Amino acid sequence: MVARATVIIPTFGQAEFALWSIKSVQSQTVKDIEICIICDGSPENMVDYFKAMAQDDSRIKIFAFPKGPRHGEIYRDAVIKQNTQGRIICYCAHDDLWYPDHIEKLEKI
């Protein structure tokens, strides 16, 4: 089934603040979304933390990779092409926050 939106959230390092970004995506007025957290060399404790979040929300998918150059851009293409089905693709950095109607507004553009 095709989701209304795919949300890519790249993370690297400890990324403790990613919790707030993820929660802002989970709280969207559009609920039919898939949330892809791409871990670019994130420490195992952070990957485990994200996996625990995924157990509570089936929309979350975790993709853990070794640290790549820069901020993991090399992994995004493969994740999107092979693992997502959203009609639109949205990007939320691990230190960003969205208003609850962000995806709804993006769909209208």
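Quick notes
- Candidate aspartates and glutamates for bridging to Lys67, where Cα separation is under 19 Å - those fewer than 8 sequence places away on the same chain excluded: Glu16, Asp40, Glu44, Asp48, Asp77, Asp95
- Placing unit charges on each Cβ (+1 for Lys and Arg, -1 for Asp and Glu) gives region 32-109 a dipole about its Cα centre, and among Ala93, Met46, Pro66 the Cα reaching farthest toward its positive end belongs to Pro66.
- With helices as the sole contributors, the chain gives -10500 deg cm²/dmol at 222 nm; each DSSP H run of n ≥ 4 counts as -39500 (n - 2.57), and the sum is divided by every residue.
- Cross-link pairs Lys61/Lys81; Lys51/Lys108; Lys23/Lys51 - those with Cα-Cα distance over 21 Å: Lys51/Lys108
- Average accessible surface area per residue within the chain, 1.4 Å rolling probe, Å²: 57
- Dipole magnitude for region 17-85: about 120 debye, using +1 per Lys or Arg Cβ and -1 per Asp or Glu Cβ, origin at the Cα centre.
- One entry in [x] -0.30; [y] -0.36; [z] -0.42 is log10 I(q)/I(0) by the Debye sum over Cα atoms at q = 0.11 Å⁻¹ calculated from the shown coordinates; its label is [x].
- Rounded percent of accessible protein surface that carbon and sulfur make up, the chain, 1.4 Å probe: 56
The values are calculated or read from the model by the stated rules, or taken from the named source; none is laboratory data. Keep in mind it's a predicted model, so treat the numbers as computed, not measured. Positions of Cβ are generated from backbone atoms using ideal geometry, with glycine treated the same way; all protein chains shown enter the neighbour counts. Quick note on the areas: whole protein, heavy atoms, side chains included, nothing else; ligands and nucleic acids left out. Shrake-Rupley method; radii C 1.70, N 1.55, O 1.52, S 1.80 Å.
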